[in-house]
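K.L.:
The structure follows.
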Amino acid sequence: MIPGPGRFELPEGLVYLDGNSLGALPTGVADRLSQVVREEWGRGLIRSWNDAGWMQLVGRVAARLAPLVGVDPADLHLGDSTTVSLFKTTVAAARLRPGRRVLVLEPTTFPTDGYVTAAVAELLGLELRWCDPADPLASVDEDTALLSLTHVDFRTGALFDLPGITARAQERGALVLWDLCHSAGAVPVDLTAAGADLAVGCTYKYLNGGPGSPAWLWVAPRHQAAARQPISGWMGHATPFAMARDFEPREGVGSFASGTPPVLALSALEASLEAFDGVTVTELRERSLALTERFIELVDEHVGDAVEVVTPREQGRRGSQVSLRHPAAYGVVQALVARDVIGDFRDPDIARFGFAPLYNTLADVETAVERLVLVLEHEEHLDPAYAARNAVT
Ligand SMILES: Cc1ncc(COP(=O)(O)O)c(C=O)c1O
């Protein structure tokens, strides 16, 4: 059963619709962090690597995360940013398809995915090919090593058919790398059932791990023996404390580790994932769809003339956010923030509203639309104070 907002430390009276950017703070995380800092670090000091199980932390977090993305925890690695995880998995994928020269990705992908893929293409002397987001498979041929896609589009909230695209790209001999930043914790994903190849995702959005919490990466067991990531480091060594001169990778996905695990951040994440205890991905999806559906319905009814819903109306094609197009979208978002409804803005004209199924309610949806109506009616979005943008929008 979904625990609801009581499981989170949300400020009274605030409607928080930005869990697709930074998830809310689950109860228990602050206490756990304080204990790790004061007891494990402060008193245990170096002994805590053994006594407090710091070396097993990645495995413990993986065990909590695995059911949300349909994998075995043993095949997950956590510890880097999403960007670095994309770099490691993209290089590994290209090396798994040595005869093929092309990396395919779509132009509306999250910028970091594009930058990393272009950098890997340059590094390995490969070709970068931009596909049509409406039909990514049209660009996948016998020369394609990798198709790299974000499962849910960060601007529009549109959802790709992960199993279908994976299967069809694989028929052409290509691998597929999925970025699940906007899926894990809100949209059901079963990487194993889909026969997927590789995936990455952040943990600070719907997984509520906190700002900059470590990302995860997954490599299908069938690829692990041959997969070689580019940042060999001592934590990916089979015997790190043997301090051997030559690198010998750990077995399995452990070879994707590079340096010392971020213990504080992983501890916060471990505690935050307890908010998913007893919740099934089916329940999450049902709640998420109920929220986005109702939001779209109310927007259509009350401000349908003023904004355009750019998120697909078909449920099967929608992630867990709804994006509205408005020429003064930045002002709309800021005026809503001033009325205690937090969403965010994406250039040039998108107001985004993320619905975190763990803590958002239908009452949040109603309040948000009521205040959106007021903002537009009173033209609060045109306030000159919103002419200049903040660094983070
Ligand atoms: C789809 C997607 N990929 C990657 C990232 C960010 O990567 P990183 O965790 O390295 O900042 C984001 C951040 O919002 C994202 O939405």
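K.L.:
Under 8 Å by Cβ, and 6 or more places apart or on different chains, what pairs join a residue from segment 92-109 that is free of Cβ contacts under 8 Å to residues at least 60 places away in the same chain and within 16 Å of Val140 (Cα to Cα) with one that is hydroxyl-bearing (Ser, Thr, Tyr) and away from the ligand (no atom under 16 Å from the Cβ)?
P.N.:
Close Cβ pairs (under 8 Å, with a partner that is hydroxyl-bearing (Ser, Thr, Tyr) and away from the ligand (no atom under 16 Å from the Cβ)) amount to Val102/Thr144; Leu103/Thr144.
K.L.:
Only one of Thr203, Thr192 is surrounded by fewer than 23 Cβ atoms within 10 Å (Cβ to Cβ) and touching a Gly at 6+ places or on another chain (Cβ under 8 Å). Can you tell me which? Give the steps one after another, and end with the answer.
P.N.:
Numbers: Thr203 fails: surrounded by fewer than 23 Cβ atoms within 10 Å (Cβ to Cβ).
Just a single option satisfies the conditions, and that option is Thr192.
K.L.:
Is there a residue being more than 21 Å from the chain's Cα centre (by Cα), away from the ligand (no atom under 16 Å from the Cβ) and surrounded by fewer than 20 Cβ atoms within 10 Å (Cβ to Cβ) anywhere in segment 55-67?
P.N.:
Within segment 55-67, the subset more than 21 Å from the chain's Cα centre (by Cα) is 55-56.
Then drop every residue that is not away from the ligand (no atom under 16 Å from the Cβ), which leaves 55-56.
Then keep just the ones that are surrounded by fewer than 20 Cβ atoms within 10 Å (Cβ to Cβ); that gives 55-56.
Scanning segment 55-67 turns up at least one residue that is more than 21 Å from the chain's Cα centre (by Cα), away from the ligand (no atom under 16 Å from the Cβ) and surrounded by fewer than 20 Cβ atoms within 10 Å (Cβ to Cβ).
K.L.:
Mind listing whichever residues of segment 230-244 are in a helix (DSSP H, G or I) and out of contact with any strand residue (DSSP E or B) (no Cβ under 9 Å at 6 or more places or on another chain)? Write out each step before concluding.
P.N.:
At the first step, the residues of segment 230-244 found to be in a helix (DSSP H, G or I) are 234-236, 240-242.
Selection gives Trp234, Met235, Pro240, Phe241, Ala242.
Yes/no matrix, rows are residues, columns are (1) farther than 25 Å from Ala268 by Cα; (2) within 16 Å of the ligand (Cβ to nearest atom); (3) more than 16 Å from the chain's Cα centre (by Cα):
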site	(1), (2), (3)
Asp153	yes, yes, no
His182	no, yes, no
His223	yes, no, yes
Ala227	yes, no, yes
Thr239	yes, no, yes
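K.L.:
Right, next: Test Val189 against the criterion of being within 14 Å of the ligand (Cβ to nearest atom), in the same structural domain as Leu124 (by TED's automatic domain parsing) and closer than 22 Å to Glu171 by Cα, and give yes or no.
P.N.:
Answer is yes for this residue.
K.L.:
Go through (1) within 16 Å of the ligand (Cβ to nearest atom); (2) in a loop (DSSP other than H, G, I, E, B); (3) more than 24 Å from Tyr204 (Cα to Cα) for Asp80 and report which single condition fails.
P.N.:
Checking Asp80 against (1) within 16 Å of the ligand (Cβ to nearest atom); (2) in a loop (DSSP other than H, G, I, E, B); (3) more than 24 Å from Tyr204 (Cα to Cα), the one that fails is (3).
K.L.:
Shifting gears a bit: Filter segment 289-327 down to residues that are among the small types (Gly, Ala, Ser) and not in a helix (DSSP H, G or I) and give me whichever is farthest from Leu159 (Cα to Cα). Write out each step before concluding.
P.N.:
From segment 289-327, those among the small types (Gly, Ala, Ser) are 290, 304, 306, 316, 319-320, 323; that's our starting set.
Now drop any that are not not in a helix (DSSP H, G or I), which leaves 304, 306, 319-320, 323.
Numbers: Gly304: 23, Ala306: 25, Gly319: 5, Ser320: 9, Ser323: 13 Å.
Among those that are among the small types (Gly, Ala, Ser) and not in a helix (DSSP H, G or I), it is Ala306.
K.L.:
Say we look at segment 6-23 and pick out the residues that are more than 16 Å from the ligand (Cβ to nearest atom), in contact with a strand residue (DSSP E or B) (Cβ under 9 Å, 6 or more places away or on another chain) and touching a residue at least 40 places away in the same chain (Cβ under 8 Å); which of these is nearest to Thr280 (Cα to Cα)? Give the steps one after another, and end with the answer.
P.N.:
Filtering segment 6-23 down to residues more than 16 Å from the ligand (Cβ to nearest atom) leaves 6-16.
Still in the list and also in contact with a strand residue (DSSP E or B) (Cβ under 9 Å, 6 or more places away or on another chain): 7-10, 14-16.
Checking which are touching a residue at least 40 places away in the same chain (Cβ under 8 Å) leaves us with 7-8, 10, 14-16.
Values: Arg7: 16, Phe8: 18, Leu10: 23, Leu14: 26, Val15: 24, Tyr16: 22 Å.
Ranking the qualifying residues of segment 6-23, first place goes to Arg7.
K.L.:
Count, please, the residues in segment 101-115 that happen to be surrounded by fewer than 24 Cβ atoms within 10 Å (Cβ to Cβ) and within 20 Å of the chain's Cα centre (by Cα).
P.N.:
Here is the first cut: in segment 101-115, the residues surrounded by fewer than 24 Cβ atoms within 10 Å (Cβ to Cβ) are 101-102, 106-115.
Still in the running and within 20 Å of the chain's Cα centre (by Cα): 106-115.
Selection size over segment 101-115: 10.
K.L.:
I've got another one for you. Could you tell me whether any residue of segment 23-34 is of a type in the set (D, E, K, R), touching a helix residue (DSSP H, G or I) at 6+ places or on another chain (Cβ under 7 Å), at pLDDT 95 or above and buried (at least 23 other Cβ atoms within 10 Å of the Cβ)? Full working, then the answer.
P.N.:
Restricting attention to segment 23-34, the residues satisfying the condition of being of a type in the set (D, E, K, R) are 31-32.
Right, trim to touching a helix residue (DSSP H, G or I) at 6+ places or on another chain (Cβ under 7 Å) and you get 32.
Add one more test, that the residue is at pLDDT 95 or above, and what stays is 32.
Then keep just the ones that are buried (at least 23 other Cβ atoms within 10 Å of the Cβ); that gives none.
No.
K.L.:
Determine, yes or no, whether Pro136 is more than 12 Å from the ligand (Cβ to nearest atom), within 23 Å of the chain's Cα centre (by Cα) and either closer than 20 Å to Val69 by Cβ or among the polar types (S, T, N, Q) (or both).
P.N.:
Answer is no for this residue.
K.L.:
Quick check, is Pro98 within 16 Å of the ligand (Cβ to nearest atom), surrounded by fewer than 16 Cβ atoms within 10 Å (Cβ to Cβ) and in the same structural domain as Val176 (by TED's automatic domain parsing)? Talk me through it step by step, then tell me what you get.
P.N.:
On the way: within 16 Å of the ligand (Cβ to nearest atom): no; surrounded by fewer than 16 Cβ atoms within 10 Å (Cβ to Cβ): yes; in the same structural domain as Val176 (by TED's automatic domain parsing): yes.
No; evaluated as a whole, the condition is false for this residue.
K.L.:
Can you find a residue in segment 39-51 that is crowded, with 19+ Cβ neighbours inside 10 Å and outside the structural domain of Phe256 (by TED's automatic domain parsing)? It would help to see each step written out before you state the result.
P.N.:
Start the filter on segment 39-51 by keeping residues that are crowded, with 19+ Cβ neighbours inside 10 Å, which leaves 40.
Checking which are outside the structural domain of Phe256 (by TED's automatic domain parsing) leaves us with 40.
Looking for residues that are crowded, with 19+ Cβ neighbours inside 10 Å and outside the structural domain of Phe256 (by TED's automatic domain parsing), one finds at least one in segment 39-51, hence yes.
The values are calculated or read from the model by the stated rules, or taken from the named source; none is laboratory data. If you're wondering where the values come from, they're calculated on a predicted model, not measured in any experiment. Heads up, the Cβs are rebuilt from the backbone with ideal geometry, glycines too, and the neighbour counts pull from every protein chain shown.
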